[in-house]
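Report on one structure; see the data block that follows.
The values are calculated or read from the model by the stated rules, or taken from the named source; none is laboratory data. Given the structure is predicted, the values throughout are model-derived calculations rather than measurements. So basically every Cβ, Gly included, is an ideal-geometry build from the backbone, and we count neighbours across all protein chains shown. Please note that ligands, DNA and RNA were not included when accessible areas were found on the heavy atoms of the full protein model with its side chains. Shrake-Rupley method; radii C 1.70, N 1.55, O 1.52, S 1.80 Å.
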Amino acid sequence: EPAVMVVVSSGASTGKLAQPPDYPDLTSVALPINAGLAALREAGGEDLVCLVSEDLQIDRDDWLWDAVSLFEKHPDTVMVGGRIRNSRGEVASSGLVLGFEGGAGCPDAGRPAIDPGYFAQMLKQRSVSAVSSQFAVIRASFLRELPDEASLPFLGAWAGAAALRLGKRIVYSPFLSAVSDLDWNGLVTDRERESFQNANRDIFPDSRYYSRYLGLRQESAYKPFFRGDL
């Protein structure tokens, strides 16, 4: 499938810009971090849209092939995202859980990147509630299902909520792997977080891929808890 690599500029580049993948039908465009969803839809056209923060140091050049294989194997897939770690070797983002930390959070954040995680989930391609938009591939047609208020930094959360409501699949793959020291979550405004929470309280927490018996705060991630504790 044709693809467009959208390089998202936050002004925090280290000078080592993200390199395009090894893929035969790929074009590249750049968008500022504050570009709206309308600009992203226009840039993506009808192709696969690869969202890549400009500061990423990507581990593999075949990551887009992995995403394409998942779209083909599971036709209900609308978005594929990966794992981002910082230069200290700590996980910054992987699979997100809707309802975690009150919105859309990563229970694996802060885990050593060499740790396979809960039931070795960090090493597995698997369905998840959502993935970060810092490094992801999304079907352009699915962008039309997202609310116009969705920002680029928080697009992954909005996409996760929309996919759940529409019965679509979002996939985490460890083969999309990169390093970044940019605080991507810090780019999301409190106003947008509140709007997201108000719009999606009816689907929190998402217990399809994260047990309802586990904690929904960073300090209680993957630990048993009772609903009355939250």
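Test of understanding: among ARG208, ARG212, which residue is assigned to a loop (DSSP other than H, G, I, E, B), charged (D, E, K, R) and within 19 Å of the chain's Cα centre (by Cα)? Break it down stepwise before answering.
On the way: ARG212 fails: within 19 Å of the chain's Cα centre (by Cα).
One residue alone meets the criteria, ARG208.
Would you call ALA92 modelled with pLDDT of 95 or more, assigned to a strand (DSSP E or B), of a type outside the set (Ser, Thr, Tyr) and surrounded by 15 or more Cβ atoms within 10 Å (Cβ to Cβ)? Steps first, please.
Working: modelled with pLDDT of 95 or more: yes; assigned to a strand (DSSP E or B): yes; of a type outside the set (Ser, Thr, Tyr): yes; surrounded by 15 or more Cβ atoms within 10 Å (Cβ to Cβ): yes.
Criteria met by ALA92.
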Name the pairs whose Cβ atoms lie under 7 Å apart, with the first residue in segment 117-139 and open to solvent by less than 20 Å² (accessible area, probe 1.4 Å), the second of a type in the set (Ser, Thr, Tyr) and not in a strand (DSSP E or B), and 6 or more positions between them or separate chains? MET122/SER94; VAL128/TYR209; SER129/TYR209; GLN134/SER180
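For the subset of segment 105-131 comprising residues that are polar (S, T, N, Q) and not in a helix (DSSP H, G or I), which member is nearest to ASN200 (Cα to Cα)? If you could, list the steps in order and put the result at the bottom.
Of all residues in segment 105-131, those polar (S, T, N, Q) come to 121, 125, 127, 129.
Okay, now just the ones that are also not in a helix (DSSP H, G or I), so 125, 127, 129.
Details: GLN125: 26, SER127: 20, SER129: 13 Å.
Filtering first and then ranking leaves SER129.
Here are some residues: ARG41, ARG83. Which one is in contact with a Pro (Cβ under 7 Å, 6 or more places away or on another chain), open to solvent by 30 Å² or more (accessible area, probe 1.4 Å) and not in a loop (DSSP other than H, G, I, E, B)?
Values: ARG41 fails: in contact with a Pro (Cβ under 7 Å, 6 or more places away or on another chain).
Every option except ARG83 fails the conditions.
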Quick one: in segment 178-196, which of the residues that are among the hydroxyl-bearing types (Ser, Thr, Tyr) and surrounded by fewer than 18 Cβ atoms within 10 Å (Cβ to Cβ) is nearest to ASN86 (Cα to Cα)? THR189
